[in-house]
Structures are given as C-alpha cells and as structure tokens.
Amino acid sequence: MLTSMNTNTVQMMTRTRPAAFRGRTRVSRVARSSEADDAASSGGECPPSAVPGTTPHSDATATPHPYGARTDAERIDMLGKAALDCGAIMFVKSHSGRYRCVNDTYLEMFGFSCLDEVLGKTDEELIETILAKPEHPIFHHSYRGEAITDLPEIWRENDESVLTMKRPRWFRERSPFVKDGRLHEFVIMKAPFEDGLVGVGVLDGV
C-alpha cells in the first residue's frame, strides 16, 4: 500500500509540477532577458571612468562613449559649450561679490559688449556701467517699488543667504532688460561654487 501511495504521489507531482512552476519559469526568463538587455546597452558594469569623481587622470587614453560624454574632460567640454549660449544667463561670483565669469547670454541680456565690462566688478559697478551707457534706455520707473539702483543690495542679500546656508536656493529677482528699457523678473538658482557662487536664471514666464 505504501509503495502504491508513493507511486501515485510521484505521478501526481510529475503531472502538476510544470503547471505550478510554469509562471515562475517564464518570469525568470523575462528577468534574465531584461538583465541581459540592460547589460548589453550599458556595456555591463559601470567602468571607473563612467562614475563621477573617479575619472582616470589620463583622459586622452579613455574610449569615447558612443552615447555621450563619459570622462570629466568630455563632460566639461559639452556642458561648457551649452553654458556659453543656452538661452539662460549664467554667472560665477567670488565670495566678495565680484564677477568671475558670465556667459554670452548674460552679456547680450544686459547690453555688455565684452567681458572686460563685467569681470572683476560688483553688482553696484555693473548697474553704474549700464546706466552710463548712452545707447541704453533710461530706467526711470520702478518695478513693484524697486528702482534699478535698489537691485544690487537685493542681489547681494540673496547671495549672502546662499553662502551662509551653503546650499542651492531659488529666487525671483528683478534685473534690467536693455532691449525694452524695463525691469523684468528673473527666476534664478544660486548655489555655492568654489569660493563663491554660481547663478543660472531665465526670464520669468518665457
């Protein structure tokens, strides 16, 4: 009797086992297929050069990634080109509030003809330069109670909050727009950078 029961049990298990595990087998195959596809598309595990902060010193010997910038040099080159004329104003200030770098959009937006008019200057000096240009419109009116001469103090207060809190912050700041002679509101992100800060801004509503 025991032999007969064992035989029946084995036969039953043999018949039911494929049905019970068929779904699991299919899922396992899909999972393995997905993992294989991911590995193929990414080239397997991330090589050291693909992990930020671990780029080898010799970028010249690194193999270019087929889909984009992999090394620090490639990323700096691509992001640098985008930053120069991306439609947003970009600038870097020192801890003391002097401009160290601006992009082409910044120069165009505020009517500066060259970098020498901006680099090394403070916000107060930039506003003085803008107002002194005979070809620039005269900003007589204010925007929400703020005159153009009030802007440097407001900008500096926002800069100080970023440097003190040591983290990125978003602001709505008014700035002169020389194309129409009006003060416009910009949405600006400011973040600590090196010994000062970096700013990226766009015209609000544009």
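Listing for the model above:
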item	result
As computed over region 87-203, the Cα convex hull volume per residue (Å³)	93 Å³
Built amide H within the under 5 Å cut-off of ARG182, gap 5+	PHE177
Mean Cβ neighbour count within 10 Å, used as a protection proxy, ranking 70-81, 119-130 highest first	119-130, 70-81
Pairs beyond 24 Å (Cα-Cα), from LYS121/LYS179; LYS81/LYS133; LYS121/LYS190; LYS81/LYS166	LYS81/LYS133; LYS81/LYS166
Relative contact order of region 157-197, pairs being alpha-carbon contacts under 8 Å that are 6 or more residues apart, as %	43 percent
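Only the coordinates and a few stated rules stand behind these numbers; no lab work does. The structure displayed is predicted, hence computed values, not measured ones. When we count neighbours, we look across all protein chains shown, and the Cβ atoms used for this are built from the backbone with ideal geometry, even at glycine.
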